[in-house]
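The values are calculated or read from the model by the stated rules, or taken from the named source; none is laboratory data. Fair warning: this is a prediction, and the values are worked out from it, not measured in the lab. Cβ coordinates were reconstructed from backbone atoms using ideal geometry, including for glycine residues, and neighbour counts include every protein chain displayed. Heads up: the accessible areas ignore ligands, DNA and RNA and are worked out on the full protein's heavy atoms, side chains in. Shrake-Rupley method; radii C 1.70, N 1.55, O 1.52, S 1.80 Å.
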Amino acid sequence: MPRERSRRYDFRAVAEEDIPMLRGWLAEPHMAQWWDPVEESIAEIRAAMESIETEPLIVELYGKPIAYLQSYDPHLEDGHPYQDQPFGTLGMDISIGPADFLGKGHGSAIVSQFAEQLFDEGAPRVIIDPDPTNLRAICAYEKAGFTAFDTRTTVYGPALMMKRDAPQEN
């Protein structure tokens, strides 16, 4: 049974009309540092909009878009480097869009709320893989209950593997 809690953020599918906003966010220094060049990233987001293994989402706070989040199933993508995780594990990536929403606790709150939603839907584990030098992200994920368990090198570069397991039912 889902746990009772307040829902602060809404998650909705990325739509074509979000692309100009995403393009603007990706050009911001705090996002550009961690993403591929803007047009490559937009192409990846568009591809994710059509894929079965990745779900690209816009995070809204009181109806205002404030972040891009994607959830993925590493077991649906041939050769994904995280297929060693328990079956049903889902991964996520998040970037706060507007810079004025940084440093206010939104990252950890979004990640925590989304992980709880995934647990309610049956995921046994949620993983996230920040660059090991992205200390802001790592702190936010730790605040959201994630713990580091491995370091890897992926096609995107070095990754600190972090996990949060579903709460055990009594």
What percent does the relative contact order of segment 75-170 come to when contacts are Cα pairs within less than 8 Å and at least six residues apart? 28 percent
About its Cα centre, how strong a charge dipole does the chain have in debye, to the nearest 20, once Lys and Arg get +1 and Asp and Glu get -1 at the Cβ? 800 debye
Calculate one ³J(HN,Hα) per residue across segment 61-71 by plugging θ = phi - 60° into the Karplus curve 6.51 cos²θ - 1.76 cosθ + 1.60, and present them in order as whole Hz with x for glycine and proline. 10, 6, x, 9, x, 10, 7, 10, 9, 10, 10
In percent, how large is the relative contact order of segment 62-129, given Cα pairs closer than 8 Å and 6 or more residues apart? 36 percent
From the helices alone, meaning DSSP H stretches of at least four residues, give me the mean residue ellipticity at 222 nm for the chain, per-run term -39500 (n - 2.57), in deg cm²/dmol to the nearest 500. -8500 deg cm²/dmol
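Ignoring ligands, DNA and RNA, what percent of the accessible area of the chain is carbon or sulfur (1.4 Å)? Working shown, then result.
Details: 4780 of 9180 Å².
On the chain, the fraction of accessible area on carbon and sulfur atoms equals 52 percent.
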Would you mind checking which residues have amide H under 5 Å from G88's amide H? H placed 1.01 Å from N; only 5 or more apart, or other chain. none
Normalised by the number of residues in segment 1-157, what is the relative contact order in percent for Cα pairs under 8 Å and 6+ residues apart? 19 percent
In Å², rounded to a whole number, the accessible area per residue of segment 35-123 with probe 1.4 Å is 45 Å²
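Is segment 1-98 rounded, prolate or oblate when judged by the Cα gyration tensor, a ≥ b ≥ c being the square roots of its eigenvalues, rounded requiring a/c under 1.5 and prolate requiring a/b larger than b/c?
Judged from the Cα gyration tensor, segment 1-98 comes out oblate (a/c at least 1.5, b/c at or above a/b).
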With a/c under 1.5 counting as rounded, go ahead and sort segment 103-170 into rounded, prolate or oblate using the C-alpha gyration tensor (a ≥ b ≥ c being the square roots of the eigenvalues; past the cut-off, prolate if a/b is larger than b/c, else oblate). oblate
Which cross-chain or sequence-distant (5 or more) residues have an amide H under 5 Å from the amide H of A166, H modelled 1.01 Å from N in plane? R125, V126
Length gain on complete extension for the stretch C139 to Q33, per 0.36 nm per residue less the alpha carbon to alpha carbon distance? 36.4 nm
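With a ≥ b ≥ c the root eigenvalues of the C-alpha gyration tensor of segment 45-170, is it rounded (a/c under 1.5), prolate (a/b larger than b/c) or oblate?
Note, shape of segment 45-170 comes out rounded.
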Could you rank the peptides 129-140, 73-84 by their average count of other C-beta atoms within 10 Å per residue, with the highest value first? 129-140, 73-84
Straight-line reach from K64: which lysines fall under 16 Å, measuring Cα to Cα and dropping same-chain residues less than 8 apart? K104
Want the number for R8 to R152: 0.36 nm per residue separation, take away the alpha-carbon distance, what's left? 48.6 nm
Where in segment 152-169 is the amide nitrogen less than 20 Å from a point lying 7 Å along the Cα-to-Cβ axis of A43? 155-157
Dipole check, the chain, charges on Cβ (K,R +1; D,E -1), about Cα centroid: among L102, I19, F87 the Cα furthest to the positive pole belongs to L102
